[in-house]
Structure formats: C-alpha cells, structure tokens
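Scroll down for the structure; my scribbles are underneath it.
Each value in this text was obtained by applying a stated rule to the coordinates, not by laboratory testing. Since this is a predicted model, take the numbers as computed values, not measurements. For neighbour counting, all protein chains shown are included, and Cβ atoms are generated from backbone atoms with ideal geometry for every residue, glycine included.
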2 protein chains.
Amino acid sequence: MADPTPNRFERDTAVERLGTGRYRGTVDPGWAVIEGAAPNGGYVLALAARAMRDALPHPDPVTVTAHFLAPPEPGPVDIEVELVRGGRRHSTVAAKLLQGGRERTRLLGTFADLGAADGPTRLDRPGLELPPRDDCVDATSRSLERAKDGAYPAPPILLRFDHRMPTEMMGWAEGRPLGRGEMGGYLRWADGAPMDTLGLLVVADCYPPPVFNMGDSRLGWVPTIELTVQIRKRPADGYLATRFTTEAITNGYLEEDGEVWDADGDLVALSRQLALVAR
Amino acid sequence: MADPTPNRFERDTAVERLGTGRYRGTVDPGWAVIEGAAPNGGYVLALAARAMRDALPHPDPVTVTAHFLAPPEPGPVDIEVELVRGGRRHSTVAAKLLQGGRERTRLLGTFADLGAADGPTRLDRPGLELPPRDDCVDATSRSLERAKDGAYPAPPILLRFDHRMPTEMMGWAEGRPLGRGEMGGYLRWADGAPMDTLGLLVVADCYPPPVFNMGDSRLGWVPTIELTVQIRKRPADGYLATRFTTEAITNGYLEEDGEVWDADGDLVALSRQLALVAR
C-alpha cells in the first residue's frame with residue numbers, strides 16, 4: 001500500500017552497494033537510547049539486515065542473530081555480506097558491520113519470502129492480555145512533555161515510535177516499578193510509515209530493559225551480548241502489540257524474551273537476547 | 001570431579017587441531033535419530049563448539065547459534081574456526097563445519113568462563129512441574145525392549161541418554177498424543193559421565209519434536225533451520241529436568257523453546273530453534 005509520509009526507518013537504514021557483498025550505510029544518531037550515545041542494537045541489526053537482504057532473492061529475515069562486539073558510533077559504516085548458502089526457499093548470510101576498520105557487530109541470518117510461505121498454521125500460544133489501547137498512556141508524548149518541563153531529554157529512539165503503554169508498565173520511570181521484569185504495549189512508527197519485517201528487528205529491541213521494572217537496585221544497564229529475532233509474518237497495518245520479559249538472572253547473565261503480535265492478532269516475531277548486568 | 005566411566009559424548013565430539021583455526025573431527029553414527037541417517041543438530045552443534053572453544057581461553061558457550069545448511073553424514077568432518085573478537089570476559093567465534101568441501105553448518109557463538117561469573121542472581125521464573133522421577137517411565141529401557149519385540153529400532157540418540165519421562169509425555173508414540181506441543185522429562189548421560197556446558201548443547205535438541213505430541217496429522221518431521229542455546233551455569237551432578245514446547249506454527253514455521261534445569265534447581269540453559277514443517 002502506498003504511504004505518502006516520509007519513512008524515517010527506511011531512510012536511516014538505507015545502504016549503498018559498493019561491490020559484491022560490500023555496502024556502505026550511516027548510523028543515524030536518532031536511534032540511540034541516550035542522545036549522542038551508541039545506537040540501539042535492534043537498529044544496528046536492521047541496518048545490517050538491509051544490506052544482507054540486498055544480496056539475496058529472499059526479502060524477509062526468518063531468523064537473524066547479532067553478536068555485539070563493540071558499540072558503533074553515529075556516522076558512516078561498512079557492511080560486508082557473505083552469502084553462505086543460496087537455496088530456493090532460504091538463503092543464509094553472514095555479515096560484519098565495521099567502522100574505522102574495527103568490527104562492531106557480527107551477524108548470521110536466514111532469509112525467505114514470507115509472502116510465499118504456505119505450510120500449516122496453528123496457534124496454541126495465548127495472545128497478549130493488554131488493556132485496550134485507549135486506556136494506555138501516550139508514552140511518546142508524555143516523554144516529550146517531561147523533557148519540555150526540564151526533566152531528562154526524551155530518548156531519541158522513543159521518538160521514532162508512537163508508543164501506547166499500559167499505565168502499570170510506566171511506573172518504573174517514576175519510582176513505582178512493576179515488581180517483575182516486564183515491558184511492552186502498543187506501538188507503530190511515529191511517522192505512520194508501514195511496518196515491515198526489517199522494522200520488526202528494531203521493535204524487538206526498542207523498549208527499556210524489562211529489568212527496570214523489577215525494582216531491584218542491583219540491576220542497572222544491561223548491555224546486549226547477543227540478540228536473535230525470528231520473524232513469522234509480514235505485519236498487518238496498524239499498531240503492534242508487544243511483551244518483553246526477563247525472568248532469570250544468573251550471576252549477571254539474563255534473557256530478554258520478546259513477542260510481537262500484529263493488528264490481525266497474528267504472532268509476527270519472537271525475540272530473545274542474552275544480556276549481562278553491567279558492573 | 002574425576003569420573004571412572006567412559007565418556008562417550010567427549011569421545012564422539014573429540015577434535016584434532018590441524019593448525020590455527022583448523023580442526024578435524026568425526027561425525028559418529030550413534031547420534032542420529034534414525035540409524036544411518038543424519039546426526040542430531042545438537043550433536044553437530046556440540047562437535048563444532050568443542051573446536052570453537054579449543055581456540056579460546058573461555059571454556060563455556062554462553063550463547064551459540066547454528067544455521068543448518070545441509071545434513072552432515074557419519075564420517076570425518078572439517079571445522080574451521082575464526083576468532084571474531086577476543087576479550088577479557090568474552091570471546092566471540094564463528095565456525096564452519098564442512099564435509100567433502102561442502103559447508104554443512106555455520107555457527108556463531110560467544111564463550112565465557114562461567115565458573116568466574118559473579119553478577120547478581122534472581123529467579124522469577126517458575127521451575128518445572130514434573131512428576132517425581134520414580135513415577136516416570138524409563139524411556140530408554142522401554143525403547144530397547146520394544147526393539148527386541150520387533151517394533152521399530154531404538155533411535156541411536158535415545159540410547160546416549162538415561163531418559164525418565166512422565167507417562168503423559170510418552171503417549172504420542174502409542175497413538176495417544178498429549179494434545180499440546182510439549183516434550184520433556186529427566187535425563188542424564190547413559191554412561192554416567194558428568195554433564196558439562198558442551199553436553200547441554202546436545203540436551204537442547206535431543207527429544208522428539210514437541211509437535212509430535214500435538215496430535216495434528218498435518219505435522220510430520222520438522223527440520224531445524226536455526227538453533228540457539230544460551231547457557232547460564234555448569235550443571236550440578238545428577239539428572240537434568242527439561243521442558244520443550246511449540247506453541248505457534250505460522251505457514252509451516254515454528255519455534256521450539258527449551259529450558260533445562262539442574263539437580264540443584266538452577267536454570268542451566270534456554271534454547272530456541274526455528275524449524276519448518278517438511279512438505
């Protein structure tokens with residue numbers, strides 16, 4: 001469906017093909033959690049995935065894994081893509097994301113054409129139990145208002161989305177954490193652009209860490225070691241519904257499990273990351 | 001702890017270092033699901049991971065991903081290991097598993113020394129609700145008895161483990177499937193060898209697919225596209241408790257989520273694979 005609005009995600013993950021398997025892109029500063037800091041891992045994953053899929057006949061990542069070696073910085077980035085195996089239904093590709101000759105992220109993914117997938121469907125997994133969207137907080141607007149009132153600046157990545165969050169999910173920012181490791185709500189791109197399977201890679205890592213809602217003073221920032229996103233379906237138009245949880249922290253290591261559903265009530269993505277409590 | 005028994009897992013995943021990043025191993029036929037067929041994916045993952053860790057100062061895989069490109073065959077195998085990033089706490093490595101010059105599996109993993117991990121611990125995840133082990137079926141012995149009675153032969157990989165399974169999990173093999181996508185139970189190595197973090201990579205993929213317990217005639221074999229195992233802790237001595245589930249099948253694509261707990265009641269591994277219903 002044609003969309004007349006500018007598509008910031010597409011623009012900020014655009015890549016130029018320099019030669020076989022060689023791409024150039026730009027890390028945009030608008031996808032950081034803190035102004036001027038390293039970009040969000042999901043954005044880095046999507047930027048690399050756009051280069052990966054350019055090398056393939058298959059447009060949709062069905063499973064992509066990124067290992068984060070060193071934080072990238074805003075500015076130009078080189079992406080090297082290696083076709084590992086090209087098949088009729090699936091292509092497997094590896095990729096490196098480099099800046100200044102130093103590798104920042106290593107990736108491995110398998111792509112397919114999800115528009116042509118035709119096997120059986122069966123959903124035994126319960127959908128998300130979120131309150132109606134009209135009862136949720138417009139978290140993006142609230143963050144902008146707070147910033148105007150002189151509180152902390154709105155996180156750049158928050159402004160890329162139109163976030164509608166259940167009130168209880170918002171308490172952590174005001175000293176009333178939920179008491180369990182959960183984040184989530186409804187979202188779509190702030191500019192109204194259509195969501196695609198590359199955009200889901202950003203969605204899978206765009207919330208504050210669920211541990212922030214645990215109310216556990218030992219837990220601060222939790223840098224991602226590895227993030228894997230499995231994508232099932234191209235999302236329908238409309239808001240996505242999401243849930244991210246952390247349930248087990250073992251000597252500093254923790255999982256962050258995510259599920260993303262579309263407006264048709266279909267599961268569109270499952271994600272899991274391994275993160276480590278920063279010392 | 002010294003163990004006087006033979007350790008078949010260690011023997012069947014042994015690798016010889018031929019040079020920097022170059023290893024030679026042998027795919028043993030004893031880890032297939034069907035006699036003479038391709039080996040189990042978790043075994044292939046563990047074989048490659050043993051080569052990967054030989055190249056590193058860090059002995060434990062904290063997260064390893066394998067993309068299965070083509071089924072390996074019993075016999076010699078070459079493993080090429082690339083150190084992507086060596087750090088103080090973590091090493092990231094990529095690996096290829098080849099036979100006859102053809103790549104069969106591509107891997108990407110991050111290793112650490114889990115014996116030295118010292119961050120916070122918190123467990124909000126409920127443990128497994130399995131019946132007591134004494135109320136479970138000795139699935140390994142039962143399969144051997146059946147084979148003696150002239151039924152189908154016991155799957156080689158089943159014989160590598162001492163499986164104790166809840167009765168309800170066994171019904172699928174006798175036409176009484178559970179009605180939901182679940183497998184699991186208790187297990188340890190059949191030869192009594194100690195379980196380590198490499199062995200957990202096999203455990204993460206050693207059960208029949210949970211879809212077999214759905215009782216859905218559309219679902220046959222489900223080849224793995226990608227398998228990721230996150231490991232938290234070196235397992236304590238004793239039986240492991242496991243649970244594997246499939247809850248969402250979308251146009252043939254499905255997840256298989258696993259959790260593995262040790263005899264101390266600690267979560268030792270989380271796994272997820274993406275599989276595809278075979279046509």
Task: C-alpha long axis of helix A:139-148 to longest principal axis of chain A, angle in ° - done: 70
Open item on the list: Just to confirm the number: angle between the C-alpha axis of helix B:41-54 and the first principal axis of chain B, 0 to 90 degrees, nearest 10?
Closed with: 20
Task: Unit charges at the beta carbon, dipole of region A:168-279: most positive-side option, A:189, A:278, A:173 - done: A:278
Task: A:267, B:159 arranged by Cβ crowding within 10 Å, fewest neighbours leading - done: B:159, A:267
TODO: Quote the charge dipole size of region A:21-109 about the Cα centre in Debye, to the nearest 20; the model charges only the Cβ of Lys and Arg (+1) and of Asp and Glu (-1).
DONE: 420
